[in-house]
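These notes are about the structure you will find just below.
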Amino acid sequence: MKRVLGIVAVISVIATIPVIGVMFLLTSMTSMLGGGSSCYTSSSESSTVSSSVDVSQVPQGPIAGWKHEQLVNAAHIVAAAQVMGLDARAQVVGVMTAMGESSLVNIGYGDWETSGIRNPDGSPTTSIGLFQQQAGWGSVDERMDPEKSATLFFRALEKVDGWQSLEPTIAAHRVQRNQDPYHYEPYFQDATAVVSALTGLPLTDGSEGGDCSVGSDGNYPPANGTEPGPWGGYQNGQIPPNVLGTIPWDPQYRLRSDALQALQAMDAQFVSEFGYHLPINDAYRDYASQVEAKEKYGSNAATPGTSNHGWAMAIDFGTPSHNSIAFGDPTFEWLKKNAAAYGWVHPPWAEPGGSGPTEAWHWEYWGKAS
């Protein structure tokens with residue numbers, strides 16, 4: 001129903017959009033009605049027909065249900081991308097992200113004021129503006145200026161490895177680190193309609209290019225109840241840091257994003273019962289670290305290049321003082337009771353009587369069977 005309403009809204013403003021914008025409308029209706037693909041690309045001719053967005057000439061709207069004030073903010077985002085030389089794909093990602101964060105309204109408050117959300121360190125969140133950026137992004141003036149805040153967003157987007165080939169929602173997630181990687185997906189078609197109407201770009205959904213479906217962090221299928229293994233085309237222990245997520249309460253450690261999200265959800269339950277975070281002694285282990293572990297622990301450590309720590313899908317849990325947990329410890333017993341619900345498994349080889357070595361502390365993210 002939302003798509004149909006969006007199409008009606010777009011049709012209602014044809015008279016307010018330049019002729020080249022009408023070209024987009026005729027092109028995009030087929031995509032909207034047909035469902036389209038979330039693997040978005042701009043048409044090959046877009047670079048020759050695009051024109052700089054004039055914020056003072058933004059249509060009154062609505063466009064795909066978005067009103068004039070929101071369209072003006074979208075125009076600022078597009079303008080920031082154009083100044084940086086970024087194409088329509090980036091522009092859509094930027095507008096889509098702001099739709100998901102602030103409904104394209106430049107608000108001076110965020111999750112702390114509305115929901116009492118705190119950072120992992122316990123401090124109140126400081127998110128404001130179109131992109132709900134916290135203080136670490138820049139000054140209040142920068143974060144509350146639509147084009148400056150958009151520039152901050154796009155600078156971060158450019159640092160995301162291979163963002164152009166990711167689903168738009170995953171690219172946005174890599175920058176914003178939303179709890180749900182697919183939070184932005186519902187805004188994709190609206191963002192495409194808005195950017196196209198503002199710029200006159202004839203856009204396609206990229207479905208001609210084949211299957212662009214991806215897993216939960218953009219380049220692997222979701223874990224479905226099997227032990228860790230190769231993913232994303234990376235070698236064990238040689239995964240780029242920028243495709244991994246940082247454990248918020250112990251940022252020296254990293255995991256694959258779906259494993260991290262499951263860990264965070266599990267930790268929230270643990271904290272509610274124990275009053276402190278799950279203590280972490282190890283997580284992703286690069287190849288050099290695996291060599292060191294092998295030298296230190298001998299046969300009790302995996303051969304370098306084969307450890308499930310090297311897939312960023314294993315954790316060594318500890319006691320509050322970061323000693324290794326033992327069988328029967330409260331943390332181990334809690335994990336045995338609760339971890340499977342979050343896709344975390346104590347592997348059979350690590351159990352007493354398993355193929356060994358016997359390790360109460362070693363747990364792996366296997367996910368859950370679909």
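The values are calculated or read from the model by the stated rules, or taken from the named source; none is laboratory data. Fair warning: this is a prediction, and the values are worked out from it, not measured in the lab. Methodologically, a virtual Cβ is constructed for each residue, glycine included, from the backbone with ideal geometry; neighbour enumeration extends over all protein chains shown. These area figures cover heavy atoms from the full protein model, side chains too; ligands, DNA and RNA do not enter into them. Shrake-Rupley method; radii C 1.70, N 1.55, O 1.52, S 1.80 Å.
The order of the peptides 339-345, 146-152 by mean Cβ neighbours within 10 Å, most packed first, is 146-152, 339-345.
Electrostatic tally near Ile280: other residues with Cβ closer than 12 Å to its Cβ, Lys and Arg +1, Asp and Glu -1, net -3. Of the solvent-accessible surface of segment 123-189, computed with a 1.4 Å probe and all protein chains present, 48% belongs to carbon and sulfur.
Scattering from segment 112-161 was approximated by placing one identical point on each alpha carbon and applying the Debye formula without solvent; log10 I(q)/I(0) at 0.13, 0.14, 0.16 1/Å stands at -0.33, -0.38, -0.49.
Working note: Karplus 6.51/-1.76/1.60 with θ = phi - 60° gives segment 70-80 the couplings 5, 5, 4, 5, 4, 5, 4, 5, 4, 4, 4 Hz, where Gly and Pro are set to x.
If the viscosity is 0.890 mPa s and the temperature 25 °C, what translational diffusion coefficient in µm²/s does Stokes-Einstein give for segment 208-367 when Rh comes from Kirkwood over Cα pairs? The diffusion coefficient I find is 152 µm²/s.
Share of segment 61-121's accessible area from carbon and sulfur, percent, 1.4 Å? Intermediate values should be presented prior to the final figure.
Details: 1170 of 2370 Å².
Roughly 49 percent of what the probe reaches on segment 61-121 is carbon or sulfur.
Take the Cβ atoms of Phe274 and Ser165, set R0 to 45 Å, and the FRET efficiency comes out at 0.60. The residues of segment 48-111 have, on average, 38 Å² of accessible surface per residue, using a 1.4 Å probe with all protein chains present. Once you list every other residue whose beta carbon is under 9 Å from the beta carbon of Ala314, what net charge do they have if Lys and Arg are +1 and Asp and Glu are -1? My count for the surroundings of Ala314 gives -2. Taken about its Cα centre, segment 46-128 carries a charge dipole of roughly 140 debye when the Cβ of each Lys and Arg holds +1 and the Cβ of each Asp and Glu holds -1.
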